[in-house]
1. Mind grabbing the base-10 log of I(q)/I(0) for the stretch 76-196 at q = 0.13, 0.18 Å⁻¹? Debye formula, identical points on the C-alpha positions, no solvent, two decimal places.
2. Between SER189 and GLU152, take the C-beta separation as r, use R0 = 30 Å, and let me know the FRET efficiency to the nearest 0.05.
3. Work out the charge dipole of the stretch 81-196 with +1 on the Cβ of Lys and Arg and -1 on the Cβ of Asp and Glu about the Cα centre, then indicate which of PRO155, VAL100, ASN114 is farthest towards its positive end.
4. Once R0 is set to 25 Å, what does the formula 1/(1 + (r/R0)^6) return for the Cβ-Cβ distance between ASP99 and LYS30, expressed as a FRET efficiency to the nearest 0.05?
5. For VAL195, what residues show an amide H to amide H distance below 5 Å, using hydrogens built from the backbone and excluding near sequence neighbours?
6. On a 23 Å Cα-Cα criterion, which of the cross-link pairs LYS73/LYS168; LYS138/LYS196; LYS85/LYS128; LYS57/LYS168; LYS73/LYS138 come out too long?
7. How big is the stretch 88-130 by the Kirkwood estimate over distinct Cα pairs, in Å?
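Read the figures in this text as sums done on the coordinates, not as results from a lab. Just so we're clear, the structure is a prediction, and the values are computed from it rather than from any experiment. Cβ atoms come from the backbone with ideal geometry, glycine included; neighbour counts cover every protein chain shown.
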Amino acid sequence: MAARDIDMPTADAGGSYETIPRGPTLAPSKSLTLCLGVFDVSYSNHENTEKVPQAKKGKANKPIKPKSDSGTKTTGDVAEILEEKYGVMDAFMFAHEPDVAHELEDALAGELENMLMGAPLASNPFQKAESAITAMFKQFLSTAAIEHMGIESVPTLAALDGVNHRLKHPYAKGNPRRPSFIDTGMYQSHFVAWVK
């Protein structure tokens, strides 16, 4: 693909997107911002009650200790780490900016049409677009589209090794390969897009 001289969206505050103004505008300085983020929920490491297979003579079986404390990270922490290291949400916007713009345009056009037909104004005219963009991002991760964008260290080594904390043995060598950034599934399932 040949390089083009185009204005790209800029990211503010780790996932808020605002288009760059093109030329002089007479409109008020208020603007809409598309925000991409996650609901901040704690990851919980369930206590492992498995016993050591066979106790030494004269010793009792003890539970296996967890690798980390329960609830030490949240989906917000993970989203910040992934954005800093891989730019997951930036990559999504780069790949789907026209689709995102189309969804926002359709939502506004639908709301304007409803208003012209005498319907009351919706409390959130972008609700349909927000929902579509949220689903688009979740599919972006599920289909591993980010793995074909040339981002350094993607696909991740954990994805290639099949590390999956939804399984009983997350690090087992026989685990199937999974898409990058879907280990527990919480980052993907708690993603949300909104307009402010």
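1. -0.61, -0.95
2. Computed FRET efficiency for SER189 and GLU152 comes out at 0.70.
3. PRO155
4. Working: r = 25 Å, r/R0 = 1.00.
Approximately 0.50, to the nearest 0.05.
5. Residues meeting the criterion, in which the H sits 1.01 Å from N, are CYS35.
6. Values: LYS73/LYS168 20 Å; LYS138/LYS196 21 Å; LYS85/LYS128 31 Å; LYS57/LYS168 28 Å; LYS73/LYS138 21 Å.
Going by Cα-Cα distance, LYS85/LYS128; LYS57/LYS168 fall outside the 23 Å limit.
7. Values: mean 1/r = 0.0881 Å⁻¹.
Hydrodynamic radius (Kirkwood, Cα pairs) of the stretch 88-130 is 11.4 Å.
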